[in-house]
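J.: Please find one structure pasted underneath; my questions will follow.
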Amino acid sequence: MKKLLILFVFISSTCFSQVGPVFNFEKNKAYKITMKGADNLVKADNIERQMEKLQLAIFSFVDPTTSMGYFIVDNLNKIQEIEKTLNNEKDFSFSSFEEIPLTEESFLEMYMKRGGFEKAEFSKNIPKQIVMGPYQELSSSLYLKALIVWEKKYKNAFNKLQGLPEHYPVFFNTGNPEYDNARYGQAKEDWIKNYPDEVEKITGRSYKDATGMEHSKDIEKKKSSNK
(Lines give C-alpha, C1' and ligand atoms only; values in the text may rest on other atoms or scores of the structure.)
Protein backbone atom coordinates (compact mmCIF):
# COMPACT_ATOMS: atom_id res chain seq x y z
CA MET A 1 0.00 0.00 0.00
CA LYS A 2 2.85 2.35 0.90
CA LYS A 3 4.57 1.63 -2.43
CA LEU A 4 1.36 2.35 -4.32
CA LEU A 5 0.96 5.64 -2.48
CA ILE A 6 4.53 6.67 -3.33
CA LEU A 7 3.96 5.73 -6.99
CA PHE A 8 0.73 7.77 -7.07
CA VAL A 9 2.47 10.81 -5.59
CA PHE A 10 5.32 10.50 -8.14
CA ILE A 11 2.94 10.17 -11.10
CA SER A 12 0.77 13.02 -9.86
CA SER A 13 3.71 15.36 -9.30
CA THR A 14 5.08 14.50 -12.76
CA CYS A 15 1.76 15.20 -14.44
CA PHE A 16 1.20 18.46 -12.59
CA SER A 17 4.74 19.63 -13.34
CA GLN A 18 4.01 19.25 -17.05
CA VAL A 19 0.85 21.38 -16.97
CA GLY A 20 1.42 24.79 -18.49
CA PRO A 21 0.72 27.08 -21.44
CA VAL A 22 1.18 25.62 -24.92
CA PHE A 23 2.47 27.74 -27.79
CA ASN A 24 0.71 26.97 -31.06
CA PHE A 25 1.67 29.53 -33.69
CA GLU A 26 -1.05 28.43 -36.12
CA LYS A 27 -3.91 28.53 -33.58
CA ASN A 28 -2.95 31.22 -31.06
CA LYS A 29 -4.17 34.81 -31.38
CA ALA A 30 -2.38 38.13 -30.81
CA TYR A 31 -3.89 41.27 -29.32
CA LYS A 32 -2.62 44.80 -28.78
CA ILE A 33 -3.75 46.38 -25.52
CA THR A 34 -3.52 50.07 -24.78
CA MET A 35 -3.04 50.63 -21.07
CA LYS A 36 -1.98 53.26 -18.57
CA GLY A 37 0.84 52.93 -16.08
CA ALA A 38 3.34 50.74 -17.93
CA ASP A 39 5.63 53.68 -18.58
CA ASN A 40 9.03 52.24 -17.65
CA LEU A 41 10.94 48.97 -18.10
CA VAL A 42 10.29 47.73 -14.55
CA LYS A 43 6.53 48.23 -14.80
CA ALA A 44 6.40 46.75 -18.31
CA ASP A 45 8.36 43.69 -17.16
CA ASN A 46 6.04 43.31 -14.18
CA ILE A 47 2.95 43.22 -16.42
CA GLU A 48 4.56 40.73 -18.84
CA ARG A 49 5.57 38.32 -16.08
CA GLN A 50 2.35 38.63 -14.12
CA MET A 51 0.09 37.86 -17.09
CA GLU A 52 2.26 34.87 -17.99
CA LYS A 53 2.44 33.64 -14.40
CA LEU A 54 -1.36 33.77 -14.18
CA GLN A 55 -1.45 31.89 -17.52
CA LEU A 56 -3.52 34.66 -19.09
CA ALA A 57 -0.89 35.18 -21.79
CA ILE A 58 1.27 32.56 -23.46
CA PHE A 59 3.82 35.23 -24.34
CA SER A 60 3.81 39.00 -24.12
CA PHE A 61 5.73 42.19 -24.72
CA VAL A 62 4.87 45.54 -23.16
CA ASP A 63 6.43 48.62 -24.73
CA PRO A 64 7.12 51.23 -22.03
CA THR A 65 7.60 53.98 -24.62
CA THR A 66 3.97 53.70 -25.74
CA SER A 67 2.39 51.89 -22.77
CA MET A 68 1.06 49.30 -25.21
CA GLY A 69 1.08 45.57 -24.61
CA TYR A 70 1.19 42.77 -27.16
CA PHE A 71 -0.20 39.49 -25.89
CA ILE A 72 -0.35 36.03 -27.45
CA VAL A 73 -3.30 34.07 -26.03
CA ASP A 74 -5.26 30.93 -26.80
CA ASN A 75 -8.71 32.58 -26.66
CA LEU A 76 -10.43 35.96 -26.37
CA ASN A 77 -11.58 35.29 -22.80
CA LYS A 78 -7.98 35.71 -21.66
CA ILE A 79 -8.01 39.32 -22.86
CA GLN A 80 -11.06 39.98 -20.71
CA GLU A 81 -9.22 38.50 -17.74
CA ILE A 82 -6.17 40.65 -18.51
CA GLU A 83 -8.48 43.70 -18.50
CA LYS A 84 -9.80 42.80 -15.04
CA THR A 85 -6.32 42.14 -13.70
CA LEU A 86 -4.94 45.44 -15.00
CA ASN A 87 -7.84 47.43 -13.57
CA ASN A 88 -7.35 45.76 -10.18
CA GLU A 89 -3.66 46.64 -10.12
CA LYS A 90 -2.51 49.82 -8.42
CA ASP A 91 -1.16 52.42 -10.89
CA PHE A 92 -2.40 50.45 -13.94
CA SER A 93 -5.57 50.59 -16.01
CA PHE A 94 -6.91 49.03 -19.20
CA SER A 95 -7.92 51.39 -22.03
CA SER A 96 -8.68 49.37 -25.18
CA PHE A 97 -7.69 46.35 -27.24
CA GLU A 98 -7.64 45.11 -30.82
CA GLU A 99 -6.74 41.84 -32.48
CA ILE A 100 -3.63 41.96 -34.64
CA PRO A 101 -2.37 39.34 -37.12
CA LEU A 102 -0.02 36.82 -35.53
CA THR A 103 2.53 36.62 -38.33
CA GLU A 104 6.10 35.38 -38.24
CA GLU A 105 7.29 38.97 -38.49
CA SER A 106 5.08 40.24 -35.64
CA PHE A 107 6.05 37.30 -33.44
CA LEU A 108 9.76 37.81 -34.05
CA GLU A 109 9.44 41.52 -33.30
CA MET A 110 7.76 40.74 -29.98
CA TYR A 111 10.39 38.16 -29.10
CA MET A 112 13.39 40.27 -30.06
CA LYS A 113 12.10 43.38 -28.29
CA ARG A 114 11.31 41.34 -25.18
CA GLY A 115 14.94 40.22 -25.39
CA GLY A 116 16.10 43.83 -25.31
CA PHE A 117 16.83 44.47 -28.99
CA GLU A 118 15.67 47.46 -30.99
CA LYS A 119 14.37 46.74 -34.50
CA ALA A 120 17.53 48.14 -36.13
CA GLU A 121 19.53 45.53 -34.19
CA PHE A 122 17.57 42.46 -35.29
CA SER A 123 19.81 41.58 -38.23
CA LYS A 124 22.97 41.94 -36.10
CA ASN A 125 21.93 39.67 -33.23
CA ILE A 126 20.71 36.10 -32.92
CA PRO A 127 17.64 35.82 -30.64
CA LYS A 128 18.36 35.24 -26.95
CA GLN A 129 16.35 32.55 -25.21
CA ILE A 130 13.67 33.94 -22.90
CA VAL A 131 12.94 31.71 -19.90
CA MET A 132 9.21 31.41 -19.28
CA GLY A 133 9.31 30.67 -15.56
CA PRO A 134 9.12 26.93 -14.82
CA TYR A 135 7.72 26.07 -18.26
CA GLN A 136 10.74 24.63 -20.03
CA GLU A 137 8.80 23.22 -22.97
CA LEU A 138 7.13 26.60 -23.58
CA SER A 139 10.50 28.37 -23.39
CA SER A 140 11.97 25.96 -25.93
CA SER A 141 9.06 26.13 -28.40
CA LEU A 142 9.01 29.95 -28.39
CA TYR A 143 12.78 30.14 -28.76
CA LEU A 144 12.90 27.60 -31.59
CA LYS A 145 10.20 29.49 -33.51
CA ALA A 146 12.12 32.74 -33.04
CA LEU A 147 15.33 31.12 -34.33
CA ILE A 148 13.63 29.64 -37.37
CA VAL A 149 11.98 32.95 -38.32
CA TRP A 150 15.16 34.95 -37.63
CA GLU A 151 17.26 32.56 -39.74
CA LYS A 152 14.82 32.87 -42.62
CA LYS A 153 14.74 36.67 -42.45
CA TYR A 154 18.16 37.81 -41.23
CA LYS A 155 20.78 35.07 -41.56
CA ASN A 156 22.25 36.35 -44.83
CA ALA A 157 22.59 39.90 -43.48
CA PHE A 158 24.12 38.55 -40.25
CA ASN A 159 26.68 36.49 -42.19
CA LYS A 160 27.72 39.51 -44.22
CA LEU A 161 28.33 41.46 -41.03
CA GLN A 162 30.51 38.61 -39.77
CA GLY A 163 32.46 38.48 -43.03
CA LEU A 164 31.01 35.05 -43.86
CA PRO A 165 29.52 33.82 -47.15
CA GLU A 166 25.87 34.73 -47.59
CA HIS A 167 24.50 31.22 -47.10
CA TYR A 168 26.96 29.95 -44.49
CA PRO A 169 25.06 27.98 -41.78
CA VAL A 170 24.66 29.50 -38.32
CA PHE A 171 24.84 27.26 -35.25
CA PHE A 172 21.90 27.73 -32.87
CA ASN A 173 21.98 26.57 -29.26
CA THR A 174 18.47 25.54 -28.23
CA GLY A 175 19.66 23.62 -25.19
CA ASN A 176 19.27 20.29 -27.01
CA PRO A 177 22.80 19.30 -28.16
CA GLU A 178 21.65 16.27 -30.16
CA TYR A 179 19.10 18.29 -32.12
CA ASP A 180 21.40 21.32 -32.49
CA ASN A 181 24.35 19.31 -33.80
CA ALA A 182 22.19 17.29 -36.19
CA ARG A 183 20.54 20.46 -37.53
CA TYR A 184 23.87 22.23 -37.95
CA GLY A 185 25.44 19.19 -39.60
CA GLN A 186 22.61 18.97 -42.12
CA ALA A 187 22.82 22.72 -42.75
CA LYS A 188 26.55 22.40 -43.52
CA GLU A 189 25.91 19.51 -45.89
CA ASP A 190 23.25 21.53 -47.70
CA TRP A 191 25.58 24.53 -47.89
CA ILE A 192 28.41 22.45 -49.38
CA LYS A 193 26.05 20.89 -51.89
CA ASN A 194 24.14 24.00 -52.93
CA TYR A 195 26.81 26.71 -52.81
CA PRO A 196 30.11 25.19 -54.04
CA ASP A 197 31.50 28.60 -54.98
CA GLU A 198 31.12 29.81 -51.40
CA VAL A 199 32.69 26.58 -50.10
CA GLU A 200 35.74 27.05 -52.30
CA LYS A 201 36.00 30.73 -51.36
CA ILE A 202 36.00 30.17 -47.61
CA THR A 203 37.87 26.84 -47.41
CA GLY A 204 40.08 26.95 -50.48
CA ARG A 205 38.77 23.47 -51.34
CA SER A 206 36.58 22.49 -54.23
CA TYR A 207 33.29 20.69 -53.79
CA LYS A 208 35.00 17.47 -54.91
CA ASP A 209 37.78 17.89 -52.35
CA ALA A 210 35.28 18.59 -49.58
CA THR A 211 32.92 15.71 -50.37
CA GLY A 212 34.75 13.33 -52.66
CA MET A 213 32.05 13.95 -55.27
CA GLU A 214 31.80 16.16 -58.29
CA HIS A 215 29.22 18.92 -58.14
CA SER A 216 26.42 18.96 -60.69
CA LYS A 217 27.76 22.25 -62.13
CA ASP A 218 31.12 20.63 -62.83
CA ILE A 219 29.42 17.63 -64.42
CA GLU A 220 27.41 19.92 -66.69
CA LYS A 221 30.60 21.76 -67.70
CA LYS A 222 32.23 18.45 -68.64
CA LYS A 223 29.20 17.42 -70.69
CA SER A 224 29.26 20.75 -72.54
CA SER A 225 32.98 20.51 -73.26
CA ASN A 226 32.60 16.98 -74.63
CA LYS A 227 29.95 17.98 -77.17
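J.: Consider CYS15 against the criteria (1) modelled with pLDDT of 95 or more; (2) open to solvent by 70 Å² or more (accessible area, probe 1.4 Å): it satisfies all of them except one. Which criterion is unmet?
T.: (1)
J.: OK, next. Tell me which of these ALA30 doesn't satisfy, since it passes every other one: (1) open to solvent by less than 20 Å² (accessible area, probe 1.4 Å); (2) without any contact (Cβ under 8 Å) to a residue 60 or more places away in the chain.
T.: For ALA30, the exception is condition (2).
J.: I would also like to ask the following. Could you tell me whether GLN50 is on the phi > 0 side of the Ramachandran plot and either aromatic (Phe, Trp, Tyr) or at pLDDT 95 or above (or both)?
T.: So GLN50 does not fit the description; no.
Listed here are the residues, each with its yes/no results for (1) in a loop (DSSP other than H, G, I, E, B); (2) of a type in the set (A, V, I, L, M, F, W, C).
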| residue | (1), (2) |
| --- | --- |
| GLY133 | yes, no |
| SER139 | no, no |
| TYR154 | no, no |
| PHE171 | yes, yes |
| ILE202 | no, yes |
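J.: Please specify each residue of segment 174-195 satisfying the condition of being modelled with pLDDT of 90 or more and under 24 Å from GLU105 (Cβ atoms).
T.: Answer for segment 174-195, where residues must be modelled with pLDDT of 90 or more and under 24 Å from GLU105 (Cβ atoms): ARG183, ALA187.
The values are calculated or read from the model by the stated rules, or taken from the named source; none is laboratory data. Bear in mind the structure is a predicted one, so any value in this text is a computation, not a measurement. Note that we place each Cβ from the backbone using ideal geometry, even for glycine, and neighbour counts take in every protein chain shown. Note: accessible area is taken over every heavy atom of the protein model, side chains too, but ligands, DNA and RNA are not part of it. Shrake-Rupley method; radii C 1.70, N 1.55, O 1.52, S 1.80 Å.
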